[in-house]
1. So which helices (runs of 4 or more DSSP H) are wholly in region A:304-366 and hold at least 1 residues that are within 14 Å of chain B (Cβ to nearest Cβ) and open to solvent by 30 Å² or more (accessible area, probe 1.4 Å)?
2. Tally the residues that are over 29 Å from residue B:37 (Cα atoms) and of a type in the set (Val, Ile, Thr), restricting the search to region B:155-187.
3. With a cut-off of at least 1 residues that are modelled with pLDDT under 95, name the strands (runs of 3 or more DSSP E) lying wholly within region A:163-238.
4. Answer yes if at least one residue in region B:198-218 is more than 14 Å from every other protein chain (Cβ to nearest Cβ), in contact (Cβ under 8 Å) with a residue 24 or more places away in the chain and surrounded by fewer than 22 Cβ atoms within 10 Å (Cβ to Cβ), and no otherwise.
5. From the list A:48, A:41, pick out the single residue that is part of a helix (DSSP H, G or I) and at pLDDT 95 or above.
6. Of the numbered conditions (1) within 14 Å of chain B (Cβ to nearest Cβ); (2) open to solvent by less than 60 Å² (accessible area, probe 1.4 Å); (3) over 24 Å from residue A:157 (Cα atoms), residue A:277 satisfies every one except a single condition; which is it?
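The values are calculated or read from the model by the stated rules, or taken from the named source; none is laboratory data. Fair warning: this is a prediction, and the values are worked out from it, not measured in the lab. So basically every Cβ, Gly included, is an ideal-geometry build from the backbone, and we count neighbours across all protein chains shown. Remember, those area values only see protein heavy atoms, side chains included, never the ligands or the DNA or RNA. Shrake-Rupley method; radii C 1.70, N 1.55, O 1.52, S 1.80 Å.
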Amino acid sequence: METRKILITGGDGYLGLALAKRTLQSTEENLLLWVRASDPEEFAAKQERIRQRLGVEADRVFCRWGNLVNPDPFDTIDPAEIKVIIHSAAVTRFNVDETTARRVNVEGTEKLLRLASQCPFLERFALLSTVYSSGLKPGPIEEEAMDNRAGFANYYEWSKWASENLLLTEFADLPWQIFRVATVIADNEEGTVTQQNAFHNTLKLFYYGLLSLIPGKTETPLYFITGEFAANAIFSLLSTSLKKSIYHIAHTKEESLSLGTLIDLVFETYGERPEFKMRRVLKPLYSDAESFDLLAQGVNTFGAGILNQSVSSVAPFSKQLFIQKEVQNRNLVSALDDYQAPDARRLVRNACDYLVRTKWGRELQHASR
Amino acid sequence: MKEAYVNHLSFALGDRVATVEESAESGRTLSRAASLREAGFRMHYLSAPEDTAYDLARRSVEEIKKELGEIGAIIYSTCIPANGNVGDEKKFRESRDVKYLMDFAGSHLQSDFGLEKAMVIGLTQQACTGMLGALRIAKMFLATEGEIRRVLCVTADRFPEGALYEQAYNLISDGAAACVVSDEPEGFRMVAGHGITNGAMALASDDETVGSYFGYSHRIIQETLAKAGLQLSDIAWIVPQNTNIKASQILSRLLKFDHERFYYPTIEEVGHMISGDNIVNLRRLVEDGKVRPGERVLLFMAGYGLNWQCVILEKR
């Protein structure tokens, strides 16, 4: 059996764990999952959770821990035992501050790239990024290196661009691949949601009638995928596609929904529930970015309720909701034999239904229909 | 239809004044003083312990008593329903006679000001929107009851001793406001009025109240304009309630209406005087010489219930 391992950073994160599971299901590979932990106790707890999630295959899984902001977070890893690196560890909050984004996402990536440079048997280095590393650039977003001239909506986007740039300029000799992932809104097309983000927070505010504004333009396309699609696509691309290539793990504009269609669909789905219909919650008004910033400032003034937390998580992304991006995925489609975009409407409907049914994950006994 | 005109605007505030810092320190607010200041509030008024909401109502009418004329109806509005009743709970307990629970403030007002021909209507289900509701009902009276030519509209609220003086993140003042709606062409002509109630949100939380604010405020304004056959460009001033200045800034942007023409300069000094905000701000608009004859002023208000009301006036 092959003894060299696939290293996945952020191995207990949403995509890291999904990729680990996918790899264990389809290969005989051994995995080395690196997780962020501050001390052995936290590591032990995370390791236990990983073993529970991966089940019987867990005997092929080894875990290490560290912190990307520390000087040498990978010092427990022997470069000679690594054949593939998948870098999924990152702070992915839109409201991450500049220092944290730089230290974790950019400098952390650099530390891993240095480790990669020392791996004598390295076959692949996969950097998980985002389609929003294109920042505020409108128009076609190609699967190629990008500049930073359009600026960014937040430090998360900037840090992912900077990580890509670091790889492409200073570590270009590595057998790299960049996977720019779209927004994951559900685990699968049935709409199961186990990881929530700003998208789900916003839907929650709408459902409970806590938000009557949405920044953006109705025609702005939104790029959604499932976790299953992301894991399957990245897994396939790692083993079959070209090195030194960029792939958008995303569907095209034509296969996606616009903001206006999304809002209509969400309220249509909610409206099928008598308890929602009865409350006569209005669809949100479309606002400019400045108005939404004012709202964020206003709710921030008054404590730390759900409204404040949720609005704060969405506000740093608001500028994107005005940008007409046309995400391209030709590399992805040509590399995947079985590429298929889901029915975006059905996906959103199913995700909304799941969120409402489980009260945003608080009542998982209602997860099954 | 017979025209109705709003005139003789007056108000009265509680006797005690407190800064936001003093009230925050005294536990009368949920939010920090700095947050309330950032929202535009600086001070507010509280009634003396012995004073009732009715005392405030009396004082607000006292100021315009020479202008009352032959009042055919009194519409007495309160946000807190109990403020419309000056009954004696203790006497009821002692006697078990419910008549002590039915001592109506509007009746006292009629008597105290000698308004013998006035019928009395109590309005207790419209919360902060009560005064705008009173104006609309007054107009209906003028249109349908030929003998009624002047209606006294009053709103009065004082919070019970020990109550929080913050509601939905707004700093509250105890106060009353009054005005006369008549068929005499003076003051402001009532152009249109409109109301929305969403009873399913009768017990909305503070966050739900804030959450529904923009959508429904926008809707009530647009629907009222449509009812009047007007565009927002036909409106010279919007007189809102005294709520977080950021809320007014946002709403002005949503409406694409210059925030400079949202007139609510009293927010700093009187805070949110419940249903009286529009009257206090409208009076200031007149006193400051801002509004010119022929200009239209749109008043709107959101309140518990949940209620939204809007009235468009035209300066004579």
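1. A:306-314
2. 2
3. Correct list: A:213-215.
4. No.
5. None of the others qualify; the one that does is A:41.
6. Only one criterion is unmet by residue A:277, namely (2).
To keep it simple, each residue is scored yes or no on (1) out of contact with any strand residue (DSSP E or B) (no Cβ under 6 Å at 6 or more places or on another chain); (2) polar (S, T, N, Q); (3) in the same structural domain as residue B:134 (by TED's automatic domain parsing); (4) under 30 Å from residue A:300 (Cβ atoms).
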| residue | (1), (2), (3), (4) |
| --- | --- |
| B:231 | yes, yes, no, no |
| B:239 | no, no, no, yes |
| B:242 | no, yes, no, yes |
| B:245 | yes, no, no, yes |
| B:264 | yes, no, no, yes |
| B:272 | no, no, no, yes |
| B:297 | no, no, no, no |
| B:301 | no, no, no, yes |
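This table checks each residue for (1) open to solvent by less than 80 Å² (accessible area, probe 1.4 Å); (2) hydroxyl-bearing (Ser, Thr, Tyr); (3) over 27 Å from residue A:140 (Cβ atoms); (4) more than 14 Å from every other protein chain (Cβ to nearest Cβ).
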| site | (1), (2), (3), (4) |
| --- | --- |
| A:237 | yes, no, no, yes |
| A:243 | no, no, no, yes |
| A:248 | yes, no, no, yes |
| A:252 | yes, yes, no, yes |
| A:258 | yes, yes, no, yes |
| A:273 | yes, no, yes, no |
